[in-house]
Amino acid sequence: MVKIIVFSLTSRFVIATTVITFCGLIWTVPTAANAGSQRLVLTGSSTVAPLINEIARRFEAQSSGVRIDVQTGGSSRGVNDVRKNIADIGMISRALKTDEKDLHAFTVALDGISLIVHADNPVTALGRQQIADIFTGNVSRWRAVGGTDARITVVNKAEGRSTLELFLEYLQVKNSAIKPHIIIGDNAQGIKTVTGNRNAIGYVSIGAAEYEVQRGASLRLLALDGVEASVENVRNGTFPLSRPLNLITASEPNGLVREFIRFAQSPQVHDLIEAQYFVPADAN
Amino acid sequence: MPETIPLQTKQKIRDCTAQGLIYLAVLLVSAVFVWLLTDLVRGGIAHLSWAFLTESPHDAGRTGGIASILVSTLLILLVALITAIPLAWSTAILMAEFVPVESNFGKTVRFSLYVLAGVPSIVFGLFGNAFFSIYLGLGFSILSGGLTLACMLLPILTSTAEAGLRAVPDTYRLSAAALGISRTAALIHLIMPAAAPALTAGLLIGVGRALAETAALLFTSGYVDRMPGSLLDSGRALALHIFDLSMNVPGGDNAAYASALVLVCLLLSINILAMKLAYGLQRRKIMT
């Protein structure tokens, strides 16, 4: 009997100490770690986020006591969070719109958007009107544009993605006019959808598509307006469908924010930009 | 007499077919699991190494490892479980032991838990972002991610625990009362240990759901793949890392496969460990 009481007492003591230690950990660790460190929060485009993450890592390594948190969620979220002051800097993969002129944009890199089809598809180039016909459903079989007699699977981007907005602007059509069979989010998802379907057509970032083609993915990039879709043609400015990758702030940047933006625009990070298959902004 | 023999073989054939179909169904179910596992192993084993588990990710996750992401994931899970378990299990005890099944209070609580269980995880994510991250000012942090997950785990943990406690036969409670054991003592020494396997099973479902969660964590615990220094730091969860690698990072497939393999192994080992613990606990507690 005594043994049981002693046992239950010790076990209760152990449990109590564990609980107290946990609570202690939860409350002491944050205060200790956050003393004397500056923090920047960035949110926005999922296309830009991996690049900025790498730039931030290098920036942190150079200046001690700085923490940069990169969050994602899409360009629209970047604009929202900067306006609401939740984030210090936003990331958008497009130029500022006319109703966003209250924000300040700083271009870090350029990216092109290319139409992609499966490598087995005989079509190598499409005109602007043909693309518009395909995406609005006026042309529903590949035969009409010089391909095989198969039904076209139209892959569109989800609402709020800047790739979609740019693509619509290029085609001069509204999103409600597009009749998609599949709606996708990020670039790699688009590439996977098209490599898995011989009759699909979609559009993604050129860098991502070129990279997958180099690795042997069964994918073809279509020429636009007679210009071949390549990172090289985005760099020299001839490719018609390209976009800036911007950092945005709510007010004129100063202090750490300005330092970081300057760093992201400096030649010190060009190797990082190229490693993510984008084009450094001041290269042309 | 000669007519009964074909009847018997007929019945035998029918029995055999039924049995065969059941075995086929079982085989199909396990085949799905085996297929999934072989696919993961085939895609991920080449990329998996000790360094992969101990290094932080580089080049957007294409190279490097997942050490920081594992730490974040476990911290998020820990916060979620520490918050959710006491709340959920005490609610379950109240519902199973002290409130009649047909009472209005019991019905209301149960109904609200059912509704909560049906809410999609992205809604929890948006709620967590609005409440924990912005309103309470926790920002993108492991703490707000963990608390959001805790909200998600509440209905699962509560309803499984309640069902487990109700499954304990009433004779246990009557015998305890006859022996003059107080209700609390009976609960701690008899009923809870007897329900331990059910509680653990519920816990495992919860842990599985928490580890697999992507949508609820994107807006709360965030996207930062650095080693977290505190619970107020943003930390990327493993499932979110896999999602980002396979959907957003070109060339991240191998790392995604390897991370998925780690996630599945983690789940399996947690399952096995918890099952062993539960049975041990049940035996020890009831015997003393």
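None of the figures in this text is laboratory data; all of them are computed from the coordinates on show. Everything quoted here is computed from the prediction, not taken from an experiment. Note: ideal-geometry Cβ built from the backbone for every residue, glycine included; neighbour counts use all protein chains shown.
Which of the helices (runs of 4 or more DSSP H) found entirely inside region B:191-274 contain at least 3 residues meeting this: over 30 Å from residue B:166 (Cα atoms), within 10 Å of another protein chain (Cβ to nearest Cβ) and not aliphatic (A, V, I, L, M)?
Fully inside region B:191-274 and qualifying: B:238-247.
Right, residue B:163: in a helix (DSSP H, G or I) and within 14 Å of chain A (Cβ to nearest Cβ) or not? Break it down into steps so the answer makes sense when it comes.
Working: in a helix (DSSP H, G or I): yes; within 14 Å of chain A (Cβ to nearest Cβ): no.
Taking the combined requirement at face value, the residue does not satisfy it.
So which of A:139, A:123, A:145, A:66 ends up being surrounded by fewer than 23 Cβ atoms within 10 Å (Cβ to Cβ), touching a Phe, Trp or Tyr at 6+ places or on another chain (Cβ under 8 Å), of a type in the set (A, V, I, L, M, F, W, C) and away from chain B (no Cβ under 14 Å)? First the steps, then the outcome.
On the way: A:139 fails: touching a Phe, Trp or Tyr at 6+ places or on another chain (Cβ under 8 Å); A:145 fails: touching a Phe, Trp or Tyr at 6+ places or on another chain (Cβ under 8 Å); A:66 fails: away from chain B (no Cβ under 14 Å).
Among A:139, A:123, A:145, A:66, only A:123 is surrounded by fewer than 23 Cβ atoms within 10 Å (Cβ to Cβ), touching a Phe, Trp or Tyr at 6+ places or on another chain (Cβ under 8 Å), of a type in the set (A, V, I, L, M, F, W, C) and away from chain B (no Cβ under 14 Å).
Here is a yes/no grid of residues against (1) of a type outside the set (S, T, N, Q); (2) in contact (Cβ under 8 Å) with a residue 24 or more places away in the chain; (3) part of a helix (DSSP H, G or I):
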position: A:59; (1), (2), (3): yes, yes, yes
position: A:108; (1), (2), (3): yes, yes, no
position: A:123; (1), (2), (3): yes, yes, no
position: A:129; (1), (2), (3): no, no, yes
position: A:133; (1), (2), (3): yes, no, yes
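So, residue B:138, is that one surrounded by fewer than 24 Cβ atoms within 10 Å (Cβ to Cβ) and closer than 18 Å to residue B:73 by Cα or not?
In short, yes.
Step by step: first the residues of region A:214-226, then only those that are surrounded by 16 or more Cβ atoms within 10 Å (Cβ to Cβ) and within 21 Å of the chain's Cα centre (by Cα), then the one that is farthest from the other protein chains (Cβ to nearest Cβ). Which residue is that?
Within region A:214-226, the first condition is being surrounded by 16 or more Cβ atoms within 10 Å (Cβ to Cβ), and the residues that meet it are A:217, A:219-224.
Okay, now just the ones that are also within 21 Å of the chain's Cα centre (by Cα), so A:217, A:219, A:221.
Working: A:217: 9, A:219: 11, A:221: 13 Å.
Only one residue fits best here, namely A:221.
In region A:151-172, what residues are closer than 16 Å to residue A:202 by Cα and assigned to a loop (DSSP other than H, G, I, E, B)?
Result: A:152, A:158, A:159, A:161.
Quick one: would you say residue B:71 is aliphatic (A, V, I, L, M), within 14 Å of chain A (Cβ to nearest Cβ) and surrounded by 11 or more Cβ atoms within 10 Å (Cβ to Cβ)? Full working, then the answer.
Values: aliphatic (A, V, I, L, M): yes; within 14 Å of chain A (Cβ to nearest Cβ): yes; surrounded by 11 or more Cβ atoms within 10 Å (Cβ to Cβ): yes.
Considered against the rule, which asks whether it is aliphatic (A, V, I, L, M), within 14 Å of chain A (Cβ to nearest Cβ) and surrounded by 11 or more Cβ atoms within 10 Å (Cβ to Cβ), residue B:71 comes out as yes.
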